[in-house]
Structures are given as C-alpha cells and as structure tokens.
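What follows is a short report on a single structure.
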Amino acid sequence: MLKRVPRRLLRCFDVVLAVGMALFMWSVAQWATQPESPAVRWTTVAAALASGIVLYWRRRFPVHVMAVSLATGAVTQFYASHGLFPYAALIALWAITARRRVFWSLPALAGVLGLTWLAKRQDLHPAGDIEFAMVVVVAVWAFSFALRSHRLMIEQAAARVAVEDQARLARDIHDVIAHSVSVIVVQAAAADDVFEARPDRAREALRSIEATGRDALSELRRLLAADPAVNPELTVKATPPSPVTTPQPTLARLRPDIVAPIEAAGLDVDLVVDGDMSGLPLGVQLTAFRIVQESLTNVLRHGRGAGAQVRLLQGERELQVVVENMCRGDEKPRPQGIGGVGRGIVGMRERATLVGGVLEAGPTPDDGFRVVARLPVKSAVRL
C-alpha cells in the first residue's frame, strides 16, 4: 500500500503546479493571440492564467475547478487565432475523476474532448492528429479512474478488516466479562450464605473472587493491548500483562482457567478429552476454548444445581466440542437472576464460522441444554 504524502509537501506541489501551469498557459496564449487586438489578447491571456491558477484548488473543489477550466478553455478557443490544447482542463479532468463518481467525471470527459476537438479543428490539423489527441484525453481519464477504483478497493478492504477486528474484540470481551462476572456473583452469594457459620469457606470464596477478578483484568489488558486503535488511552495506562497471560489461551489451559473456577463456584463439571489437542491449530484451540467458556458460563448463570459435561473428541478431520448441562433426577435448572445480553450463542456461532465450522445449540429432552460445535482441524484463522 502506498504511503501518504505529507500535507505540506502536497501544498507545495500544488502551488508549483498552479504557478507553472499559469505561466505556461500565459506564454502559449501570448503566442496564439499575437495578431489580435489588445482587448481580445488580454481577455484570452487572463482566461489562460485563470485556468492555471485555479488548479491549486483541484483537490478540495474538483467540480468547481473543472467547470472553471472548461469555461476558460472555451474562451481561449473562441478568441485565439490558433487552437490551444486544453492542458489545464486535462489536469482538472484527472482530479475530478480521481475524487468524484462517474456521474461527474463522464460529463467532464465529454467537455475536455469537445475542447480538444475545437483546438485541433481550428488549426486544421489532419483527422489523425485529432483522434490521437482525443485518445490521450481518454487515456488520462481511464488511468485516473483505475487508480480511484483501486484506492476504493483498498479502503473497503481496510474497513472490512476494522469491522472484523471490532467484532472479534467484542466477542472476546463478552466471553471474558460474562464468564468472570458470573463466577464472581455466584461465589459472592456463596460467601454471603456461609459468612457467619463457616468464615473459612467465606474467606476461600473471597480469595477466589479476587483471583477471578485479577485474571479478568489481565485478559482484558491483553485484548486491549492487541487492539490499540480501539482505545489508545486504555492501552497506554493499563499495567503491562504478565508473560503468563499474554499468549492466546489454548485447550491445555481449559481445566485450570475455566473448569476449576466454575467448579469453585459450585458447578460439577465432567471434562472428557479424547485425543491429543496440542497439535491442533491455534485458531481451532482458541475457538474451542471460548465455546466451552461461554457454554459453562451459561450453565452457571441459568442452571445452578445441575452438573455439566464437556467432551472434546478429536477425529481425523474435525474436532467435536460438546457441552451439556445435566439435571440430577427430577431436579431442574434454577435461574440465577444473572441477566445476559443474548450475545452468547450468536458469538459462539460466529467463532465457529470463522474457522470453517458449525455450531448447534438447543434444549435436550431432560430439560437440559446442549451445545455441539464441529471444527475442522486443518482450518486456519487470523488470531
């Protein structure tokens, strides 16, 4: 991608171009109006000077500059004894094509072609010269149009990347905050229940709350540091994350980072891992990690009193992630009053799609809930 030219350098170039073109058009107009009267001569020279000077504003006001260039070009063609090629109008055509839609550039092209035809016909040039001059004008328009189209493609691609980065960051922050806050709320409620009868258990719950909060802060700092454009002030002021929390989470951290805090909050989790997960692509591991995290968080928020089972089954072509909450006997999940924003399942589906997988979620016959994700093991994703 081309680097941006400093604005001061562009202004200097615009001044040099405008002054140089004005002097050039002035000298050409002087030559083309020698046999004419002083009034005609100075009118033509003034129009030629204006056509050059006005080019200084071609970046900010390309339509107005194009209109002035066509008008001054018509004046010079009308009064000059010899035809003048519309050099200034050609530069204005480049500017309007590069900065405005075809709705504006096509009429401008027609106007410059008309001036070119008048200039060549006035000097009785052969038909071949007229055609060549018009081909030059069309080539300038086409090249400027191609550059504009290429620039728009680059800008649209950059905009898509920015939107994807924002969506990814939103999913990550949702996962971290929803999981951590849910664990903290449940542990705080447990500490309150046993505060007087079992102060040791209450202190243990409070220590777990502190650890969960610190882990959440470290994870948020890592996410924000990876996206400095989202909020540069937070990135600068945040304490640098420790080396342990900097890498993206993998399935090897599933039990200590996700299952253990969930179990400490009072939910029994049965983790079954079938296969060697260490060889999976990092994108697939991160996706599976986040899906398990979000699923267990939902069980903790909406299914207290029920257990959960997590199964990771590695096949030849795909990794299957199954998270299911299981009711004990006639016991049904009891809502916890921890509201959500409804982004959990949507975010999990988006994550699975990014690595080429699919995700299904829905209730089970025994009033539980099951999440099943199938992730191709050879997929690649930008972390």
Between H64 and K378, what is 0.36 nm times their sequence separation minus the Cα-Cα distance? Round to one decimal in nm.
107.4 nm
Relative contact order of region 7-125: what whole-number percent is it, with Cα pairs under 8 angstrom and at least 6 residues apart?
25
Could you give each residue of region 208-219 its phi-based ³J(HN,Hα) in whole Hz, using Karplus coefficients 6.51, -1.76, 1.60 with θ = phi - 60°, and x for Gly or Pro?
5, 4, 4, 5, 5, x, 5, 4, 5, 4, 4, 5
Percent of alpha carbon pairs in region 7-125 separated by more than 18 Å?
48
Rounded FRET efficiency, nearest 0.05, which uses the C-beta distance separating L282 from R255 and R0 of 22 Å
0.75
Sorted peptide list for 59-66, 181-188, criterion being average Cβ within 10 angstrom, highest first:
181-188, 59-66
Given 0.36 nm per residue, what is the gain on full extension from V181 to E316 after removing their alpha carbon distance, in nm?
44.9 nm
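Among W141, W117, which comes first, second and so on when ranked by fewest other beta-carbon atoms within 10 Å?
Ranking W141, W117 by Cβ neighbours within 10 Å, fewest first, gives W117, W141.
Evaluate E = 1/(1 + (r/R0)^6) for L169 and F132, where r is the Cβ-Cβ distance and R0 equals 51 Å; express this FRET efficiency to the nearest 0.05.
0.35
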Checking rank on 198-207, 159-168, with mean other Cβ inside 10 Å and highest first, the result is 198-207, 159-168
What is the spin-label model distance, in nm, from D366 to A71 if the labels are put 7 Å beyond Cα along the C-beta direction?
8.4
Excluding R58 itself, what net charge comes from residues whose Cβ is under 13 Å from its Cβ, given Lys and Arg +1 and Asp and Glu -1?
+4
Just to confirm a number: summing +1 for Lys and Arg and -1 for Asp and Glu over residues other than S295 whose beta-carbon lies under 10 angstrom from that of S295, what do you get?
0
Would you mind ranking M153, M21 so that the residue whose beta carbon has the fewest other beta carbons within 10 Å leads the list?
M153, M21
Could you sort 345-354, 100-109, 272-281 so that the peptide with the highest average Cβ count within 10 Å comes first and the rest follow in order?
345-354, 100-109, 272-281
In nm, spacing of pseudo-spin labels at W57 and A162 (7 Å Cα→C-beta vector):
2.9
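Values quoted throughout were computed directly from the atomic coordinates according to the rules given, and no laboratory measurement underlies them. Bear in mind the structure is a predicted one, so any value in this text is a computation, not a measurement. Quick reminder, even Gly has a Cβ in these numbers, built from the backbone with ideal geometry, and neighbours come from all protein chains shown.
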